[in-house]
Amino acid sequence: MCTAKTDESASKIQSSFRNHQARLKLKNQVVWQLHEKLEYSSEQTQAKLKDMFEKLLKESDSLSPSVAKLLKKARLSVEERELLRSTNPDSITVEANYRGPRIEGSITRQTFVDLIEAFQHGKILHEKYVCHILHQARAILKTLPNYNRIDLFTLHHIYIIGDLHGQLADLLHIFNANGLPAIDNPYIFNGDFIDRGKNSVEVILLLMVALILYPSSIFLNRGNHEDMMVAAQYGFQDEINRKYWTYKTPLLDLFKDIFSWLPLYSSVHTEKSKFIIIHGGISDRINLERIKSLQRNRYVSMDIPPESKSGGKRLTADEDDEYYQIQDLLWSDPDPYSRKGCRNNSERNIGSFFGPNITEQFLSKYNYSMIIRSHQVKQKGYEYTHDEKVLTVFSASNYCDGFNWGAIIRWDYKEQDPWLISYKTEAVNMKKMSFNKQITLFEDPAYQSLVEKIMTNKSSLEKEFEKRDRYGTSHLPSKVWSEIMTNVLQIDLPWITLRSKLVQEDKQGILYNTMFDEYARDNTKFQFNSGIMEDLYVCKDLLIRLFNLIDQDHSGFISLNEFSDVLKLLLYDGNDTDGVNEANIAELSSAMDLDKNGRIDINEFL
């Protein structure tokens, strides 16, 4: 009898545990889907920003002189003579109290090892030595063609590294597990070395030192984040400001120039095939012969086009074609639904979605066997698509507090297929965590992004909710609510599963207005036209980008007139904002000047 009861209790415990594990697995799948869908949603700002810059450039005559001048500077390469003068290592003094690593004389392999050890212990390299490294690397980059041609007959093998995004631990793990770069241990780094992680400076400096030491066996491709307009939003500029406050502007100019000299893709030849390595992807307009011959350093940013060689305000048709081809190389993705053809990338609003037939045509035209690309976080660190003709590799593990694996590729000269290596650094020990912690640990960053997207579309959601609520009950069936969320936000998520996190529910259905209660944008300090405030909220990312552009010395402040210029362009940018006039803008601008010193502090405003 006792044994039977024990068996029954054990069975209940096992059943309860299995149910919990199933719920946990479902939760993790939902969280990963949420993370994957929202990870790049903020990058939709790119298309809006490009349109905004085009409008700014057209109306430059009506802007204040300082704003017009800075717009011009943003689209141009850094002037060579001024760059060399402002970042000359010989003119920079090392303070007596500096305790970080030093570079005396030539850069050697020992320099590389010393820097790794110093960065492991959190040391910051002095700006004198940063400029020393960057100028040597820049001299090499300027001699390179627009693409890297890599023959494994002489190199025997190569390691292919995807996005690192400033995660030093991942880079050091890769070196520790596979050997430091060397003449006989080649690496290619496929862009997005910087942003999001806290050690972007250290990551890119180590890559530059490796390039200096082994220029015939270290290869770098440009990614979409090697763009100072992107880096201004995603962390690299803030990191420079934090680590090199007194020397930030010349360093940012030097990095801006170096990014523009990075090669755009790599072509790898093995005994049995050849493959292409691109950061983002392709489109039906990609012409590699055209890519090989263009002047790549003209394209300092994909947010803002360069000046036309013709002298006009707009690019010529040929220049426009070049500009969009580079955008596609850096920003495109395989079509998530494997649709044929090429279409605008609706998830990023920049670059293209390319289908399996586009891949097949491209490979056939250029005699490649495979496209290797990065640009997208993957749960296993890699993913095959398009009948295994496209391979995505992403090397930043636990990215943005997520729970993905990182991966790299090794390809040997005589091998037909790649060798994939997955890993995690600083992995969370799941066994030691409580059940609640397991479920919620990875939700926060993605969940907060989702809340922000909901609030950005608050008016559109309310309008649709009320339209479908025929009897004014403030309730909707969960299925109807889910359809509205998908249609308005343009994100296909398991809304029914997520509803408990977003909205209240009772026996009559979803209480749709409760979704906004906890996150109401109400600030008693600023009581203005609600339409203006909502438009500014929608334009938040644009506002930050424009502010960073105008804030030339990266002080965190701009003048009232400059801020007013930006507000006018944002609020009148096709939003049909009612009731916006000069008085509204003047009132808002004045309110932002909290200490009445004639300057706007962007951090206080946000």
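The values are calculated or read from the model by the stated rules, or taken from the named source; none is laboratory data. For clarity, every value in this text was computed on a predicted model and none was experimentally measured. Cβ coordinates were reconstructed from backbone atoms using ideal geometry, including for glycine residues, and neighbour counts include every protein chain displayed. Note: areas computed on protein heavy atoms with side chains; ligands, DNA, RNA excluded. Shrake-Rupley method; radii C 1.70, N 1.55, O 1.52, S 1.80 Å.
Among 452-460, 194-202, the peptide with the highest mean count of other Cβ atoms within 10 Å heads the list, and the full ranking is 194-202, 452-460. In this rough spin-label picture, where each label sits 7 Å from Cα along the Cβ direction, the residue 198-residue 154 distance is 4.2 nm.
Working ranking of peptides 416-425, 182-191 by packing, defined as the average number of other Cβ atoms within 10 Å per residue, highest first, is 182-191, 416-425. Run the 1.4 Å probe and let me know the accessible area of residue 90, rounded to the nearest 10 Å². Counting only protein heavy atoms, the figure is 130 Å². Say the cut-off is 18 Å between C-alpha atoms; which of 380/414; 142/243; 198/378; 453/501; 274/389 go over it? Correct reply: 380/414; 142/243; 198/378. Between residue 321 and residue 473, the contour length at 0.36 nm per residue exceeds the Cα-Cα span by 49.4 nm.
For residue 273 and residue 337, the FRET efficiency from 1/(1 + (r/R0)^6), where r spans their Cβ atoms and R0 equals 35 Å, is about 0.80. Label-to-label distance for residue 417 and residue 561 is 6.6 nm, based on points extended 7 Å past Cα in the beta-carbon direction.
At full extension, residue 596 and residue 96 could sit 176.1 nm farther apart than now, given 0.36 nm per residue minus the alpha carbon distance.
Mind giving me the FRET efficiency for residue 106 and residue 486? R0 is 51 Å, r the Cβ-Cβ distance, nearest 0.05 is fine. According to the calculation, E is roughly 0.30. For the pair residue 369 and residue 387 in one chain, pulling the backbone fully straight at 0.36 nm per residue adds 5.3 nm over the alpha carbon distance.
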